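The values are calculated or read from the model by the stated rules, or taken from the named source; none is laboratory data. Just so it is clear, the structure is predicted and the values come from calculations on it, not from any experiment. Don't worry about glycine lacking a Cβ; one is built from the backbone with ideal geometry, like all the others, and counts go over all protein chains shown. Please note that ligands, DNA and RNA were not included when accessible areas were found on the heavy atoms of the full protein model with its side chains. Shrake-Rupley method; radii C 1.70, N 1.55, O 1.52, S 1.80 Å.
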Amino acid sequence: MTSNDLIDLVTETKKQLEHLRVLGVEGIQVSTVQQPRVETAPTPMPTPSEPLSSLFGDLTPAPVKLTKSTETFEQIHAEIGDCTRCPLHQQRTHIVHTEGNRKARLMFVGEAPGADEDIQARPFVGRAGQLLTKIIEAIGMKREEVLIGNVNRCRPPGNRTPTIEEASVCKPYLLREIAVVQPEVIVVLGNTAMKNLLDTREGITRLRGQFQDYKGIKVMPTFHPAYLLRDPSKKRETWEDLKKVRDYLDTHRSSDR
Ligand code: URA
């Protein structure tokens, strides 16, 4: 094996390990069985007749694209029904479904309903929601033009962060709605929404402002409006992030909407 082959092999292996890390694999088993040491003169390695890349094929994972779904929101919501699949149902008043334009180019995803949303059965209608409406208008759109939803549809007691189990029970319905609408851009609001949609361990401060990918859809992570209410100095960065979204939508006008 030439040194270039070795470098290629190490680079490919690193890529594969990184891919596995992104998929959530935390470790791989390495055999600890010691081979008996045989003291013989080293045998010269035969020069491979083919490059290693053709031996292993293309190891780069193919990008996953979202398949357009023909379900309706009504079918999805009927399937959710009077949900008792996770403990959050015990204290909720209402299930809060995704609302807005079902042909939307832009979607906002939050964490879970708060007290106002729980009472009104609508996402983002409390103080944070009113700020979100202003943010939408600041980029020249109306709230009715976009789609707004949450990873979890029931209010967690005391507005705590939903657990991983609670999120994993509810998230598939959001992903099915995304497959129906196929928005061009999804803005994920805050750490919890971002981590759930992107399956990442990075924090919002690190990834905000940089377009990410969810199955071919552009995803912009930014701060949650509730956080902006607590720390208004972060509004400037949020505005920078949303300008990127506006510019993307302005320059990628799709014909079929
Ligand atoms: N915070 C969220 O994450 N979602 C809402 O709907 C309201 C507040």
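Points worth noting:
- Scanning region 229-253 for residues that are open to solvent by less than 50 Å² (accessible area, probe 1.4 Å) and not in a helix (DSSP H, G or I) yields a single hit, 231.
- Region 145-157: number of residues that are part of a helix (DSSP H, G or I) and either closer than 16 Å to residue 86 by Cβ or within 16 Å of the chain's Cα centre (by Cα) (or both): 1
- Scope region 221-238; condition away from the ligand (no atom under 16 Å from the Cβ) and in contact with a helix residue (DSSP H, G or I) (Cβ under 7 Å, 6 or more places away or on another chain); matching residues: 235
- Sub-9 Å Cβ pairs linking a first residue in region 192-207 that is under 17 Å from residue 244 (Cα atoms) and modelled with pLDDT of 95 or more to a second residue that is of a type in the set (Gly, Ala, Ser) and open to solvent by 30 Å² or more (accessible area, probe 1.4 Å), at least 6 apart or interchain, number zero.
- Single residue of region 90-116 satisfying the filter (assigned to a helix (DSSP H, G or I) and surrounded by fewer than 15 Cβ atoms within 10 Å (Cβ to Cβ)) that is farthest from the ligand (Cβ to nearest atom): 90
- Inter-residue pairs, beta-carbon under 6 Å, first free of Cβ contacts under 8 Å to residues at least 12 places away in the same chain and in region 96-113, second part of a loop (DSSP other than H, G, I, E, B), 6+ apart: none
- Every residue from region 168-191 that is open to solvent by 30 Å² or more (accessible area, probe 1.4 Å) and under 11 Å from the mean Cα position of the chain (by Cα): 171, 175, 191
- Pairs with Cβ under 8 Å, 6+ apart, first in region 154-167 and among the small types (Gly, Ala, Ser), second at pLDDT 95 or above and open to solvent by less than 70 Å² (accessible area, probe 1.4 Å): 167/151; 167/152; 167/192; 167/196
- Filtered residue count, region 167-209, keeping only those that are at negative phi and either touching a helix residue (DSSP H, G or I) at 6+ places or on another chain (Cβ under 7 Å) or not in a helix (DSSP H, G or I) (or both): 23
- Just one residue in the set 161, 84 is out of contact with any helix residue (DSSP H, G or I) (no Cβ under 8 Å at 6 or more places or on another chain) and either open to solvent by 50 Å² or more (accessible area, probe 1.4 Å) or away from the ligand (no atom under 15 Å from the Cβ) (or both); that residue is 84.
- Flag for residue 245 being of a type in the set (A, V, I, L, M) and in contact with a Leu (Cβ under 6 Å, 6 or more places away or on another chain): no
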